[in-house]
1. Based solely on C-alpha atoms, express the radius of gyration and the Dmax of the range 422-544 in angstrom.
2. Given 20 °C and 1.002 mPa s, compute D for the range 163-268 with the Stokes-Einstein relation, Rh being the Kirkwood radius over Cα pairs; round to the nearest whole µm²/s.
3. Ignoring everything but the protein chains, give the 1.4 Å probe accessible area of S93 in square angstrom, nearest 10.
4. Relative contact order, percent, of the chain when contacts are C-alpha pairs under 8 Å separated by at least 6 residues?
5. Let's test this: bin the Cα-Cα distances of the chain at 10 Å from zero up to the farthest pair and state each bin's percent.
6. Obtain the radius of gyration and the Kirkwood radius of the range 370-419 from its C-alpha atoms and give Rg over Rh.
7. Short version: what are the Cα gyration tensor semi-axes of the range 136-188, square root of 5 times each eigenvalue, largest first, in whole Å?
8. Could you sort the peptides 435-446, 471-482, 120-131 by per-residue average Cβ neighbour count (10 Å cutoff), highest mean leading?
Amino acid sequence: MGISGHVHVLATHRWSAKTRPSARLRQDLGCFSQGGSCSPRVISFPRLRGHVTLASRMPKHSLDDLLACLEAAKGRFGPGESAETERLLARLSRHPFRDPRSLLRFHEVLLFLRAFPQGPSVVSLAENLLNGFHERIAWLRSSGADMSVFDDFDTSGIAGTTMQDTLTFEVVRWLARRIPRNVEIAWDDYEEERAIGSTWPRFIPLLEEDADVEANIPWHRWLDAARGRERQLDWLVRQFERLDVSDRERAELFDSLRLPIRWNLGNLRFSRTRNWSRPHRFYYHAEPLITRSQVSLSRELAQPGPRLTKLSRRAGEAVMHTIREVMAVRYRELYGTTLGDPNSVTRADLGRGVVMHFWNLPPHRRLPLRAYVAGFTLKNGVPINYIEAIGLCDWIEIGFNTFYTFRQGETAWIYAQVLRCLRQLTGATTFSVYPYQIGQNNDEAIDSGAFWFYRKLGFRSGRPDLEQLARREEQKIAADPRYRTPARILKRLAEAHVFYELDRSGPGPWDTFSTRNLGLRINRRMAQEFDGDSRRIRRESVKEVTHALKASLARWTPAEQRAFENWALVLALIPNLRRWSAKEKEELLRIIRAQAGDNEMRYLKLTQRHLCLRGELLHLGLKP
């Protein structure tokens, strides 16, 4: 997604052909302008005494005109603006909505006003309208309207609607416990019966009698006979929990079923419409919002780091429930939002009504090498984005996605606060952005000019030829302010990561590094030296590295031994490992044990201090 916060994150969305949301809406749903006018179609009169405008004087305004004026009003701040927004909200609250797109526009403006209010009355009006929004959806559905408008990535999750998707085991289990009466298996949209025959015999006795030889098997009769009075989904989840397999294997077995899950949002707080909380203190906007041109990353990152407050496990679990709700109603799932560690959650209060939460992964869910951070932002209690950062040593790669509704809301300043928090949390000095986020195989990022969002904040390309291309484009823009970079050039600029470094401005050591390069190097070695046998390369690597480091793993925990096994695959590639000093070897072993410890950020910061390890990783992780 790109400029103004249309920034994509590295995530895999799961859906079946029948449940995949409709194509993304492309048309402009608003008329917001920096100048504050309503719309080219609406004539504005001069403001009269009492701040009366066309919107409040002309009762014959069409619904479209009123919505256009409200969409413009949300971006105006100052004396009288709150009162004008209140008048527009009052008029629209009495207006019937017969068109799904108009109702959707109204919903999105209400959420924006709840997050970026001009005053207390705007908050109250927005909350009241949102709390009753499910009734408008129900009326619209009963009128026979096409409800597919409400089932896109950017528009789903509204109160009163129903959602359907193919979800991972962890999300299904959580959803079944979170809203048990509102979730079910969508059997009418299921076609993977072969997977049932391969999986269910593990917990339904004698099912093989049918599954292995018969056709037209009555799967529901078998399931209903086995589950008794328990709900189908609850019973299935419980059976998978009982399997004597690892968490990963359990998830793989369940996911192989590709069960379509349907959940009805009703008027739950779970919905995107009502998934907000009341902050301790609201921030009301009396002045224009901060624009990208007013944001300096260097100035923001030069400030003292924000205070990060560690939350209790109970508070951390509440945060994890919130982010799972936030993601589920938007057809999104990230590894860290599903499997985050509630013991690791921290909170940062950053002013202007902005609160951010960050967390890591539990030891048994961590990546083999890189450290992981996920997070999200609340603006006056409203979730407006999500964050993912993955790194090693002093480098982290950042994913940042501002939700469609809030992309006109101080995105650049909020992004700067994300970097401040991540700098404080991780100790990283090099930030990179994955090519997908700036347009690689991502038409929306190209259309929005995502590359320039980062470029104007100070990011540079990791490829010298693309950096030169970017500078030529900057010269063209400087010579002609009307010039716009063509899509074909934006696609070229998106072929490499972009970087922001605290301690340099030119090419950096992480420009061509990738843990993928490390993994491919290890797999080539496995093919050449171990006949493609993953168990042999693991066994021999552990043996070789144990000898080189003179390590004794007898007292290491199983998690620490798994971490050693993963690291051994990399360390076995270092030819002079045995010649490292005793101190370097001791510090390396401390890093490996920390990778399986309670504090994932301690592990990351230890890798930053081991200069010898950092140098070898950079060398091995270069693109061949």
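1. Over the range 422-544's Cα set, Rg and Dmax evaluate to 19.3, 64 Å.
2. Numbers: Rh = 14.4 Å.
In µm²/s, the coefficient rounds to 149.
3. Near enough 50 Å² of accessible area.
4. On the way: 959 pairs, mean separation 98.3, N = 624.
Once normalised by length, the contact order is 16 percent.
5. With 10 Å bins starting at 0, P(r) equals 3, 14, 22, 24, 20, 11, 5, 1, 0.
6. Values: Rg = 11.7 Å, Rh = 11.6 Å.
The Rg/Rh ratio comes out at 1.01.
7. Values: eigenvalues 112, 31, 23 Å².
Its equivalent ellipsoid spans semi-axes of 24, 12, 11 Å.
8. Values: 435-446: 20.1, 471-482: 10.7, 120-131: 17.8.
Ranked from most to least packed, the peptides come out as 435-446, 120-131, 471-482.
The values are calculated or read from the model by the stated rules, or taken from the named source; none is laboratory data. Please read these numbers as outputs of a predicted model, since none were measured by experiment. When we count neighbours, we look across all protein chains shown, and the Cβ atoms used for this are built from the backbone with ideal geometry, even at glycine. Surface accessibility is based on the protein's heavy atoms, side chains included, excluding ligands, DNA and RNA. Shrake-Rupley method; radii C 1.70, N 1.55, O 1.52, S 1.80 Å.
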